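Quick note: the coordinates plus some simple rules give every number you see, no bench work behind them. Please read these numbers as outputs of a predicted model, since none were measured by experiment. With ideal geometry, Cβ positions are generated from the backbone for all residues, glycine too; neighbour counts draw on all protein chains shown.
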Amino acid sequence: MTRTAPESSSSQRARILGRLIAAHGAEVPLSEISSLAAQYNARIWSLRKMGFKIVNRTEEVDGVRRSWFRLIPAGPVQTPPAAEHDDNPQTIPPSEKSDPREQLQLFSPKEDLR
């Protein structure tokens, strides 16, 4: 009998992040998120630790609690100035750290988020 390896947490994170990105800033119901990973809460926590801003909203109607998650887009991507010579590429010194959220524009900031 052959057992398959359990799915990695990184692929579960990738599926959740992909679904949140595909929503273009709209809310994604918990039922969709939980179908992507059994331990969805741990995966969302990991994404938040990686710097992604994920907010959730809950409401209770007639004793039933519902929850949604939404990815907040990062600010606009800043393009570094062009190098003066093509054969002299610019490098970023190791002492200068950049925020990966600033480099990754998930969707257009001009889109209506509602």
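Gly25's amide H: which non-local residues (gap 5+, or another chain) put their own amide H closer than 5 Å, with H modeled 1.01 Å from N in plane and none for Pro or chain starts?
Leu71
Modelling each spin label as a point 7 Å along the Cα-to-Cβ direction, I'd like the Ser11/Ser35 distance in nm, to one decimal.
1.9 nm
How far apart, in nanometres, would the label points at Arg66 and Arg48 be if each is projected 7 angstrom from Cα along the Cα-to-Cβ direction?
Once both label points are built, they end up 2.2 nm from each other.
Around Asn41, what is the net charge, scoring Lys/Arg as +1 and Asp/Glu as -1 over all other residues with Cβ under 14 Å from its Cβ?
That works out to +4.
Picking from Val55, Gly25, Gln12, whose Cα lies most toward the positive end of the charge dipole for segment 9-75 (charges on Cβ: Lys, Arg +1; Asp, Glu -1)?
Result: Gln12.
How long is the gain from Ile21 to Thr58 if the chain were fully straight, where each residue apart is worth 0.36 nm and the alpha carbon distance is subtracted?
In short, 11.3 nm is gained.
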